[in-house]
């Protein structure tokens, strides 16, 4: 599987409410910036993503400009993504136009994220 397929699989796992932490390298130098948090190290990322999965539902992930540049060991990506989800407790919907960028590294025969940054372009 290539790096672009890995990014698309991540989006699909988010839509389906599946675990997201396996997409990240199991190392302490990994970082994920989300809309409202900074998670550093695999354990913190895994805990944050588990909480996100437990507290949200009905995700919509609309990739609009995915660009992936893949080398032998590293790849980088950027995308404009329309995100929407519901709070699992209240049902309140949230929606954002976001910008994504990040780095993936080859780990044996698969690609894993070593850095991800998601920021809000503007609230809908």
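Exactly one residue out of 83, 20 is touching a strand residue (DSSP E or B) at 6+ places or on another chain (Cβ under 8 Å), surrounded by 15 or more Cβ atoms within 10 Å (Cβ to Cβ) and within 17 Å of residue 10 (Cβ to Cβ): that is 83.
Let's see how each residue does on (1) within 15 Å of residue 117 (Cβ to Cβ); (2) touching a strand residue (DSSP E or B) at 6+ places or on another chain (Cβ under 6 Å); (3) modelled with pLDDT under 95; (4) surrounded by fewer than 16 Cβ atoms within 10 Å (Cβ to Cβ):
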site	(1), (2), (3), (4)
5	no, no, no, yes
16	no, no, no, yes
30	yes, yes, no, no
36	yes, no, yes, yes
50	no, no, no, yes
59	no, yes, no, no
65	no, yes, no, yes
74	no, yes, no, yes
92	no, no, no, yes
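Which residue is surrounded by the most Cβ atoms within 10 Å (Cβ to Cβ), if the candidates are limited to region 94-124 and must be over 17 Å from the mean Cα position of the chain (by Cα) and over 22 Å from residue 23 (Cβ atoms)? It comes out as 124.
Tell me yes or no: at least one residue of region 112-119 is in a strand (DSSP E or B) and in contact with a helix residue (DSSP H, G or I) (Cβ under 7 Å, 6 or more places away or on another chain). Yes, because at least one residue in region 112-119 is in a strand (DSSP E or B) and in contact with a helix residue (DSSP H, G or I) (Cβ under 7 Å, 6 or more places away or on another chain).
Considering the conditions (1) over 14 Å from residue 24 (Cα atoms); (2) free of Cβ contacts under 8 Å to residues at least 24 places away in the same chain; (3) surrounded by 13 or more Cβ atoms within 10 Å (Cβ to Cβ), residue 40 is excluded by exactly one of them, (1). Looking only at region 76-90, residues that are closer than 16 Å to residue 115 by Cα and in contact with a helix residue (DSSP H, G or I) (Cβ under 9 Å, 6 or more places away or on another chain) come to 3 in all. Quick one: count up the residues across region 95-111 that are out of contact with any strand residue (DSSP E or B) (no Cβ under 6 Å at 6 or more places or on another chain) and in a strand (DSSP E or B). Summing the residues that are out of contact with any strand residue (DSSP E or B) (no Cβ under 6 Å at 6 or more places or on another chain) and in a strand (DSSP E or B) in region 95-111 gives 3. Only a single criterion out of (1) touching a residue at least 40 places away in the same chain (Cβ under 8 Å); (2) more than 27 Å from residue 29 (Cβ to Cβ) is not satisfied by residue 77, namely (2).
The values are calculated or read from the model by the stated rules, or taken from the named source; none is laboratory data. Given the structure is predicted, the values throughout are model-derived calculations rather than measurements. When we count neighbours, we look across all protein chains shown, and the Cβ atoms used for this are built from the backbone with ideal geometry, even at glycine.
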